[in-house]
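Down below is the structure, laid out as structure tokens.
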Amino acid sequence: MNATSTADTASTANGGRALARALAAPALALLLALVVATALLAAAGASPGRTYLTMLEFGARPDSVVSAVNRSVVYFLAGLAVAVTFRMNLFNIGVEGQYRLAALLAAAAGAGLDLPAPLQVAVMCAVAVLAGAAWAALAALLKVWRGVSEVLSTLLLNYVATAVVAYLLAEVFAAGSTTGSTAELPPSAHLPELNGLLALAGVTLPAGASLGGAVLGALVLGVAVHLLLTRTLFGHDLRMSGLNAAAARVHGVDPRRMIIVTMLVSGGIAGLAGLPHLLGTAHHFGLDFPAGAGFTGIAVALLGRNTPLGIALAALLFGFLERSALILDIEGVPKEIVTIMQGVIVISVVVAHEVVRRAGRRRAARLVRERTEPDATPAPAPGRVS
């Protein structure tokens, strides 16, 4: 075997081990969540096997699959926003406040305009991005100028955003309205459904089920974020700044500027998380606007290992679990089991990731010792030349 083939074999083996380590933490997290849910179902007097089979059968129905995909779009966008900051070892817990404030401002702007459909949607998306980025910028500036942890500032800004949204909704955008919501969006702001595209592909959905047009936008954004993080100088500088700020500064990268830019990008993506529901279903912002997607996005980003593909799969899993939970009440099983499963996934994925990381560090240290320790076998004495 020549040197080239040996190097290729070693590279393939290393790649396989890296992939196994990347999948180990999510797999352990899902296994632990399944074990805990099984124990809770047994304690509640329900048959775990029958419950899982019922959830699977209900979740595999065409209308359930479409509903799960539509739900997952919001979680995917929120997860992308969190993942961008994770790449720089930052923690944006403020996605919840960022997307709700952005959705309110986008709804108010859209209600006051009546532009052609593509332009109307584009303007509302721009408003949402700017609003989310501006709210995230507050935490970035506090960290850069005053050293305030972004974990604390983004968490507290969620409560501030909730109060601001309540005030604007009651006193500004819904003044004189008895519905407690913004005005209805014009038809040009309604996202089209994708049922026609599915019909061209030979997929017919049952009556009442529709695949939202936000799915295409989420796919495009996911590809764009992947390219941004892996194929651009910004992505390289972002990761370098997160790994070693001093080394990044030596190479001409300003970590303070990277913190601000990264939080702006994360907040801008977070601002889009409320638009699938706003433009696709509700067509106004009211007191009943869905909440909690920002915190679910943290779990999705952790489970997806901060990669767009992994986040998409994790978002689909959470969407499937939420849709499948609807059948549990009918079967007499507490649907809170699904919420518990989601919480266990969040906790266990963090623990499993740390276990896998420490195992990888121990393995790397062992390899270094094996390569640096001198060979204990004595060298043979040189033969006498006759």
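The rows are residues; the columns are (1) within 19 Å of LEU138 (Cβ to Cβ); (2) modelled with pLDDT under 95.
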| residue | (1), (2) |
| --- | --- |
| MET258 | yes, yes |
| ALA270 | yes, no |
| THR281 | no, yes |
| ASP288 | no, yes |
| GLY294 | yes, yes |
| VAL300 | no, yes |
| LEU303 | no, yes |
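Within region 104-114, does at least one residue satisfy the condition of being under 23 Å from the mean Cα position of the chain (by Cα), modelled with pLDDT under 95 and of a type outside the set (Ser, Thr, Tyr)? Step through it out loud before you land on a result.
The first filter runs over region 104-114 and keeps only residues under 23 Å from the mean Cα position of the chain (by Cα), leaving 104-106.
Now drop any that are not modelled with pLDDT under 95, which leaves none.
No, region 104-114 contains no residue that is under 23 Å from the mean Cα position of the chain (by Cα), modelled with pLDDT under 95 and of a type outside the set (Ser, Thr, Tyr).
Note on region 178-209: residues that are of a type in the set (Ser, Thr, Tyr) and farther than 25 Å from LEU113 by Cβ total 1.
Residue count for region 150-172 satisfying the condition of being closer than 14 Å to GLY94 by Cα, of a type outside the set (Val, Ile, Thr) and in contact (Cβ under 8 Å) with a residue 12 or more places away in the chain: 7.
Across region 122-161, the qualifying residues are those that are modelled with pLDDT of 95 or more and among the hydroxyl-bearing types (Ser, Thr, Tyr), and the one among them that is surrounded by the most Cβ atoms within 10 Å (Cβ to Cβ) is THR154.
Taking every residue in region 57-72 that is more than 14 Å from GLY208 (Cα to Cα) and pairing it with any residue that is modelled with pLDDT of 90 or more and basic (Lys, Arg), at least 6 positions away or on another chain, the pairs with Cβ-Cβ distances below 6 Å are GLY59/ARG323; ALA68/ARG323.
Residue check: is GLY252 of a type in the set (Gly, Ala, Ser) and at pLDDT below 95? Taking the combined requirement at face value, the residue satisfies it.
For region 94-121, a residue qualifies if it is surrounded by fewer than 22 Cβ atoms within 10 Å (Cβ to Cβ), touching a helix residue (DSSP H, G or I) at 6+ places or on another chain (Cβ under 8 Å) and part of a loop (DSSP other than H, G, I, E, B), and the qualifying residues are LEU113, ASP114, LEU115, PRO116. Quickly run through region 244-295 and pick out the residues that are free of Cβ contacts under 8 Å to residues at least 60 places away in the same chain, small (Gly, Ala, Ser) and assigned to a helix (DSSP H, G or I). Hits for region 244-295 are ALA245, ALA246, ALA247, ALA248, ALA282. Can you pull out the residues in region 302-334 that are hydroxyl-bearing (Ser, Thr, Tyr) and part of a helix (DSSP H, G or I)? Result: SER324, single match.
State yes or no: is ALA214 at pLDDT 90 or above, surrounded by fewer than 14 Cβ atoms within 10 Å (Cβ to Cβ) and within 23 Å of the chain's Cα centre (by Cα)? It is false that ALA214 is at pLDDT 90 or above, surrounded by fewer than 14 Cβ atoms within 10 Å (Cβ to Cβ) and within 23 Å of the chain's Cα centre (by Cα).
More than 17 Å from LEU77 (Cβ to Cβ), out of contact with any Asp or Glu (no Cβ under 9 Å at 6 or more places or on another chain) and either at pLDDT below 90 or not in a helix (DSSP H, G or I) (or both) - does that describe any residue in region 218-233? Yes.
Here LEU303, LEU316 are screened, and the one residue that is of a type outside the set (D, E, K, R), buried (at least 23 other Cβ atoms within 10 Å of the Cβ) and under 20 Å from the mean Cα position of the chain (by Cα) is LEU303.
The values are calculated or read from the model by the stated rules, or taken from the named source; none is laboratory data. Keep in mind that this is a model prediction, so the values were computed, not measured. Note that each Cβ is placed from the backbone with ideal geometry, even for glycine, and that neighbours are counted across all protein chains shown.
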